[in-house]
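To start, the structure itself, in structure tokens.
The values are calculated or read from the model by the stated rules, or taken from the named source; none is laboratory data. In this text the structure is predicted, and so the values were computed from the model without any measurement. Ideal geometry is used to build each Cβ from the backbone, glycine not excepted, and the neighbour counts take in all protein chains shown. Side chains are part of the model used for accessible areas, which takes the heavy atoms of the whole protein and leaves out ligands, DNA and RNA. Shrake-Rupley method; radii C 1.70, N 1.55, O 1.52, S 1.80 Å.
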Amino acid sequence: MYRYDKYDQAMVDARVEDFRDQTRRRIAGQMTDDQFKPLRLKNGLYLQLHAYMLRVAIPYGTLNSTQMRKLAHIARTYDRGYGHFTTRQNIQYNWIKLEQAPDILAELATVEMHAIQTSGESIRNVSADHYAGATADEVIDPRPWAEMLRQMTTFMPEFSYLPRKFKIAVIAAEEDRAAMRWHDFGLRIVKNDAGEIGFEVYPGGGMGRTPFIAYKARDFLPQHQIFSYLQAVLRVWNRHARRDNIHKQRMKILVHELGEEEFTRQVEEAFQHILKLGSDFPQAEYDRIAAYFAPPPFETRLSDEIDRSDPDFAVWVDQNVAAHKAPGYAIANISLKPIKGIGGDITAEQMEVVADLAERYSFDELRAAHTQNLVLPHVRKQDLYAVWQALVEAGLADANLDLVTDIIACPGLDYCSLANARSIPVAQKIAERFADEARQKDIGELKIKISGCINACGHHHAGHIGILGVDRKGTENYQLLLGGSGDENTTQAKITGPGFDEDGIVDAVERAVEHYRGIREPGERFLDTYRRVGMDGFKEAIYG
Amino acid sequence: MAESGNPIPQAASEANYLRFREDSPADEPAVSLDSFFEQPNAVSVRIEAGDDPQRLIPHLSRVKLVEVDFPKFRDGRGFSTARILREAGYTGEIKATGDVLVDLVYFMRRCGFDSFAPDVAIDPAVLEACLNRYPHVYQHAADDAVPIWQLRHPELANG
Ligand code: HEM
Ligand code: SF4
């Protein structure tokens, strides 16, 4: 994986001092909170209901055991002993003291990590396929480009005050595991007929209160023009977005208001101009970065056999292990969705277990997935049993990847000042209702996503089943949505009808699931059945 | 960024006027973009956040000062305005006015701003620290700072 050189290190170190100075000036009263807020937000420091939250970037979800141990250390020293993996391959700490934030950043800098541009109106952490470099279906590893974009979008002077946040995702496979088209700027790396590498470019996606799926602006952008193209997109948006209403300033709104054709036209015009300025990086720099992502030294002639004599282990293998490109290896997913837990939460001790496993069994590499799970990307099949045993010991062996209990839920009313309703308890009740392993397995792949308000942090627009907390005459109420997806056939979920109270929504989910089980055709997932039959039958089943 | 240097002192009466140029300031008050087109002798023009700076490009040869206003620091349109003018070859003064935060001056310098007349005076010590904080830059901008990728490949310097 990528390692900082003296330049990267100097920049991150400088940011620590910058933020230390900004914090000092704020505490000394030389800055108003209004002035400090955007500065701290550009460094991932958010004020929540109970305390400050610090969001740390895990660029394109890749980290090593040293970094994971540092994250554990921070959880223990500065937080309450745990952290929370987010839906954008970051980690958040929820109980941070302002005066300690600069020290945390300094600790992170020692392991080549930072919180730069993880919130606020900035270009956020670049996300990528969490199976990058391990899956057989990718054109190339997308991470060198993601790292390139990370560097080039760090402290971009022209975009010091974008209208809103800007999120980039990069994939290189047919299958989209990164919800690419739900981002402001989605990229898919492709190879053209001449064998050249380039990008399909998808601007204008985003969730929030006005969801839009990104549209395709380019079928093939030559790879070394990507930074010029990105600057053109940002410039058009920076100049023409509204500035008078925070809810209408995301790029997706401008794309919608101008229309895709006109937005593309303006971008192409700006692009032709910017391309001539020569700000794209050269092949030599791409090669330098790509070398860090060379495949690890996989052993050859390994057996593909897995000893399945332990039935519990076999269940986990079937659900949580995915195919690897190298013979004898597998991708092992670690679920952070225990039935009674909070999705994405992990204790310092568990982080250390995972770090040890990565070091010992996965070429020292780990991934954070946008589904709030972790991944050991390169495990020998013969080591899977040992890995699983260690996970069982640490309470991390739930065999529910992509199943009905692998739920994404935002913090909701328990932690968030904007919430209408609680999310976590609803997720827990649904998980308990479907806890039976055989039942989960029979239901198959089903992605439930829950947000406590229209800001959609829990991705309800992209849920096969989405749940949205609303405020109905002062009481918590939940709307049910069906048919969303963040995969290569991205769709936006639709509302079924009137909302439910907390127990009612759990029952409604169960009725939808049972309806699917009753009418599915062989091999159909919930989403497939919904797409085949449409909303009406489900509506009837849900509302009776 | 070493290139940013320190502001060149102005007259005491202009305590809020930080200037990084050696030529003498245009002494005419800036007029609005529309007035500028009506007044063939005007040399100072003021661009509001919502104005299109590209309209000025055909007339740059007579411009000595462009004021770019920041109505609130959250409004970042002025950054693009300065870039567009510099990319069009404009070498006169570009002055940032309005809600100019000290933490953003460094980035404004990189976009081509070379003077600042903020609503609230900037503490010179804080400014100096902010201007000299980052040892390197990751990308080209309107200044002549050399991006990190270029420093990493000195062999490409002449190619
Ligand atoms: C509890 C404190 C939080 C607050 C106050 C908060 C606030 C918000 C707001 C206001 C938006 C809407 C932004 C927009 O539409 O432009 C948003 C979107 C989002 N947030 Fe949060 N959030 C919180 C926690 C989280 C957490 C813990 C996660 C991840 C697990 C998260 C992930 C997201 C995502 C993925 C979006 C949607 C991005 C999009 O529109 O494309 N948020 N959040
Ligand atoms: S979706 Fe709403 S309730 Fe949930 S975290 Fe985001 S802002 Fe808070």
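Here the simple spin-label model places points 7 Å from the Cα toward Cβ, and for B:Glu28 and A:Glu524 these points are separated by 7.5 nm. Per-residue SASA remark: B:Ile57, around 60 Å² accessible (1.4 Å probe; ligands, DNA and RNA not included). What residues of the stretch A:1-20 lie in the reach of a label at B:Val146, counting those whose backbone N is under 16 Å from a point 7 Å from the Cα along Cα→Cβ? Hits in the stretch A:1-20 for B:Val146 at 16 Å: A:6-8. For A:Lys337, the lysines whose Cα falls under 18 Å of its own Cα, not counting residues fewer than eight places away in the same chain, are A:Lys429, A:Lys441, A:Lys447, A:Lys449. Estimated from helices alone, the mean residue ellipticity of chain A at 222 nm is -11500 deg cm²/dmol (sum of -39500 (n - 2.57) over DSSP H runs with n ≥ 4, per residue). Based on the Cβ-Cβ distance from A:Lys441 to A:Leu418, what FRET efficiency comes out when R0 is 45 Å, to the nearest 0.05? Approximately 0.80, to the nearest 0.05. Stretching the chain fully between B:Leu156 and B:His59 yields a gain of 31.3 nm (0.36 nm per residue, less the alpha carbon separation).
For the stretch B:47-159, the fraction of 1.4 Å probe accessible surface lying on carbon and sulfur atoms is 50 percent. Output the residues of the stretch B:122-144 meeting this criterion: accessible area (heavy atoms, 1.4 Å probe) in the chain alone minus accessible area with all protein chains in place is 20 Å² or greater. Those residues are B:Val126, B:Arg133, B:Tyr134, B:Pro135, B:His136, B:Tyr138, B:Gln139, B:His140.
Return the FRET efficiency for the residue pair A:Asp507, A:Asn455: r is the Cβ-Cβ distance, R0 is 30 Å, and the value is rounded to the nearest 0.05. FRET efficiency, A:Asp507 to A:Asn455: 0.70. Chain B and chain A together bury an accessible surface of about 3800 square angstrom, both sides counted, with a 1.4 Å probe and no ligands or nucleic acids included. Between A:Asp471 and A:His50, the simple spin-label model (points 7 angstrom out along Cα→Cβ) gives 2.1 nm. Taking 8 Å as the Cα distance limit and 6 or more residues as the minimum spacing, I'd like the relative contact order of the stretch A:142-288 as a percentage. With pairs under 8 Å counted, the relative contact order is 21 percent. Applying a 4.7 Å Cβ-Cβ cutoff to the protein assembly as shown, the cysteines left without a disulfide-compatible partner are A:Cys416, A:Cys453, B:Cys111, B:Cys130.
Extension gain, A:Ala314-A:Glu268: 0.36 nm per intervening residue step, less the Cα-Cα distance, totals 11.3 nm. The accessible area of B:Cys111, taken with all protein chains in place and a 1.4 Å probe, comes to roughly 0 Å². By the rule of a C-alpha distance below 23 Å, with chain neighbours fewer than 8 residues away ignored, the lysines paired with A:Lys248 are A:Lys37, A:Lys42, A:Lys165, A:Lys167, A:Lys216, A:Lys494, B:Lys72. Here's the picture: a label point sits 7 Å out from the Cα of B:Asp52 along the beta-carbon direction, and within the stretch A:228-245 the residues with their amide nitrogen under 17 Å of it are A:235-242. With a 10 Å cut-off around each Cβ of B:82-88, the average count of Cβ atoms from other chains is 3. Solvent-accessible area of chain A (1.4 angstrom probe, protein heavy atoms only): carbon and sulfur portion equals 49 percent.
The sum of -39500 (n - 2.57) across all DSSP H runs of n ≥ 4, divided by the residue count of chain B, sets its helix-only mean residue ellipticity at 222 nm to -6500 deg cm²/dmol.
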